[in-house]
Amino acid sequence: MKNTPKALSFTVQSQCLKTRARTGLMKLPHYTVKTPVFMPVGTQGTMKGILPDQLEEIDCEIILGNTYHLGNRPGVDVLKKAGGLHKFMGWNRALLTDSGGFQMVSLLKLAEITEEGVKFRSPYDNSEIMLTPEKSIEIQNCIGADIIMQLDDVVQTTFQDYDRIKEATERTSRWLDRCISAHQRPTEQNIFPIVQGLLNADLRKQSAEEHMTKDVNGFAIGGLSGGEAKDDFWPMVSLSTGILDNNRPRYLMGVGLAVDLVVCVALGVDMFDCVFPTRTARFGCALINKGQLNLKQKIYESDLNPIDTDCLCETCKRYTRAYLHCIVSSETVACHLISVHNIYFQMRLMRTMRENIEKGTFPEFVKQFMNEVYPQKTFPSWVVNSLSSVGISLE
Amino acid sequence: MRFIVTKAGYGSERIGNLTGFVKCPNVVIETPTSGLFTQGGSIVHLTADVLARVFTNPQILVMPLTNSIQLETGVKAQNEGVTKFAGLPEHVACVTVNNFSEIVPPGHFEPGKIPLWTKHGKRMTTADKYMDIMEIFRPDMFLAIADGCMSVNETPKRLSKAVDRTCKLLNTCVDRYKASKELKNSALVGVVVGAQNQKKCDECIENILKHVDCISGVALEGITDGTDLLKEDTNQYCDIFKKIGGALPKELFRILEGCWNPAMTLSAIEHGWDIFDGTYAVKLTNMGIALKLSFDVTKENETPYLLDMVDERYKEDFSPILEGCECLTCKKHTRAYIRHLLNTREMLASVLLSM
Ligand SMILES: [Zn+2]
Ligand SMILES: [Zn+2]
């Protein structure tokens, strides 16, 4: 029995009778988040020109910040003096930070991983820096997010060498122990372990089972969504959610396309993050159920419809595709407007799923959704197979 | 649309009201005022949703045709005017020709045509073509097309040509305007050029006054080609504000375009100028500078009114830009946060400073 109050309590509200989908309430120090939830990514402590007030109105309950970027700018000292990222950026709801490790390995080709940590050269002053599990937690303790991530040993998802994958998986578990003992604010922040093992079922099983024995309040599933075939992706998600227990939230890292969200909710995932909705907005692309509209295309020149006729976001209420087409490549306003729609789109999809799970109509919703996305019934095999594994037959 | 002077000062300064906008009959816009500068029909950096958090009442949107001409196809298809198409139907549009906060390349003229420097290059435009676009845009007010883009030190020959051309263009605009059903709710604004030459300038004003039955206001051009006015010698301009202001009938509202600093703007207000184009705020925002004027005459304003937000000294400054300011930025965000956003080139920085 622990005496300290928990920084997270998760209660399952309703469980789909057919699939593994469930809704829940995740009570965090700054906010109680309804799951399944999508977390937009605000890399540098801001969300593509959108105000915190606007994010609240779009119904964002938790957003993600990148430790690597925030640790560099504004830096730990400034964040400490500001009283944490919440206060610094004026965001009163929940926050999650990553460990910084993934950013480092993906951004900096020269990173070198040893048992001690991730060694790399600073892009700012070229000095040698060592990011250890302890250092990552120290920075994340300063940022003060509700949920923080363990430092994991990141290997490219499509990497093939078994020994290296095994080493990374086992090292991730060792680093988890170091992160947990370095954690200074366990009553205010939650460390999530990251299930590794890439596409190797045995290693992933081993990783998930090992994490299950730890005193943590939730789990992340990592090492996926890195360019692997979808047929390889979903079994790993399914394997992980099958092992991780039902009483704690499960967070699938880096997944955010609409079809992926629907499938993975059916497989029992509770939390998602992805840079895609805001990144694609920068290129003038607006999300709709069927995919996306590239508003730069000339076909929208006289199109007086909103991005999505059924959407109630501030952008769709006021602006036509034709107008967005006119300003999409020249005005920052266009990027803000499309970002607002895209984040709203993600929030609406998650809300629709929660409502259907609660009403007991989730399997019907999934079928209807897939039929809308693939009107010719050209369902990809991974969608058919993953859904049939949880009892939904598309054909 | 109507303009009335509600209060005249001891000098030439005055307070006035713009009223009678057909789409918003109860709206009163008090002058002197600054419009909000737009690009592509949108307030620079601010969406309609964010704008509504800053202003609850209708504002004048200053829309230079050079940066909004690409909206023509869409506005035409929708057929509800430019403010509706740009998502800002509750605001009042004032269409102008050029953006005088950026350098406009020197003219190269063909008879009856004015060059418009759009982002897709130069478009030679006749008064008729211009009026065609106005009939599609249907702004609440618009400037007559004019040859108004030149530096204050232009040669007498160029000045003289500019005045002649501007008069001819205005005559065409007036003819079209009188015959136009589409523009019956839009106010036409005449343009004065040639201020540097008494005789030619008088000619230009005379020509405007000839059409005073259908003209509601006057704009002053021909004193800048968009070169940086912030550093210019000021007396020369103050004299012009005074001279032209004094030569115009009181019942016409007066628009002054260009990126003037607060001191110059005050001088223009003193000489009876009513409406400014809002480019100063845009320019500062784009340079990462916050404007901090308390407008409180009871306090000596000794502190600098411009804050360079990129400066190292704001790194750990957790106070708002202006203590006591009611704007959303000051109420919720600190100098340190804005500095961070500027340093990371995040777009929210521009949003917050614009407010
Ligand atoms: Zn929308
Ligand atoms: Zn303020």
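The values are calculated or read from the model by the stated rules, or taken from the named source; none is laboratory data. What you see is a predicted model, and the numbers here were worked out from it, not measured in a lab. Cβ coordinates were reconstructed from backbone atoms using ideal geometry, including for glycine residues, and neighbour counts include every protein chain displayed. When the accessible area is computed, the model is the full protein with side chains, heavy atoms only, and any ligands, DNA or RNA have been set aside. Shrake-Rupley method; radii C 1.70, N 1.55, O 1.52, S 1.80 Å.
Some observations on this one:
- Just the protein heavy atoms count here, and of the accessible area of chain A at 1.4 Å, carbon and sulfur take up 49 percent.
- Per-residue accessible area (protein heavy atoms, 1.4 Å probe) orders A:Asp202, A:Asp146, A:Asp177 as A:Asp202, A:Asp177, A:Asp146, starting from the largest.
- Beta bridge orientation in the protein assembly as shown: antiparallel %, DSSP, nearest 5: 50
- Prolate/oblate/rounded label for segment A:102-246 (Cα gyration tensor, a/c 1.5): oblate
- Over 19 Å (Cα to Cα) - which of B:Lys199/B:Lys250; B:Lys76/B:Lys283; B:Lys113/B:Lys161; B:Lys113/B:Lys168; A:Lys87/B:Lys315 fall in this group: B:Lys199/B:Lys250; B:Lys76/B:Lys283
- For the pair B:Asn79 and A:Glu210, label points projected 7 Å from Cα toward Cβ lie 7.0 nm apart.
- FRET E, pair A:Ser393, A:Lys359, Förster distance 25 Å, beta-carbon r, rounded to 0.05: 0.75
- Whole-number accessible area per residue in Å² for the protein assembly as shown, which is evaluated in the context of all protein chains at 1.4 Å: 40
- Anisotropy class of chain B from Cα gyration tensor, a/c 1.5 cut: prolate
- Euclidean distance of C-alpha centroids, segment A:15-42 and segment A:296-363, integer Å: 23
- Whole-Å distance, taken between Cα centres, linking segment A:156-187 and segment B:245-264: 68
- Highest-first arrangement of A:127-134, B:174-181, where packing means the average Cβ count within 10 Å: A:127-134, B:174-181
- Spin-label model, B:Asp202 to A:Thr32: label points 7 Å out along the Cα-to-beta-carbon direction sit 8.1 nm apart.
- In segment B:22-50, burial by the other protein chains removes 20 Å² or more of accessible area from B:Gln39, B:Gly40, B:Ser42, B:His45, B:Thr47, B:Ala48, B:Asp49, B:Val50, compared with the chain on its own (1.4 Å probe, ligands and nucleic acids ignored).
- Between chain A and chain B, the total buried accessible area stands at approximately 3700 Å², from heavy atoms with a 1.4 Å probe.
- Long-range amide H partners of A:Ile288 with built H, under 5 Å: A:Leu293
- Applying 1/(1 + (r/R0)^6) with R0 = 25 Å to the Cβ-Cβ distance of A:Ser9 and A:Ser181 gives a FRET efficiency near 0.60.
- Take the convex hull of the alpha carbons in segment B:153-270; its mean projected area over all directions comes to 7.6 nm².
- Under 5 Å between amide hydrogens, built in the peptide plane, is the criterion, and for A:Ile191 it picks out A:Ile148, A:Asn217 among residues at least 5 positions away or on other chains.
- Surface listing: B:His333, A:His325, A:His30 arranged by accessible area from highest to lowest gives A:His30, A:His325, B:His333, probe 1.4 Å.
- Residues of segment A:289-311 buried by at least 50 Å² on assembly (accessible area, 1.4 Å probe, chain alone as reference): A:Leu304
- With a 10 Å cut-off around each Cβ of B:310-318, the average count of Cβ atoms from other chains is 2.
- Accessible carbon and sulfur surface of chain B relative to its total accessible area, %, 1.4 Å: 52
- The modelled label-to-label distance between B:Cys238 and A:Ser330, using points 7 Å beyond Cα along the C-beta direction, is 3.7 nm.
- Under Karplus coefficients 6.51, -1.76 and 1.60, residue-wise ³J(HN,Hα) of segment B:178-184 in Hz, glycine/proline x: 5, 8, 8, 6, 4, 9, 5
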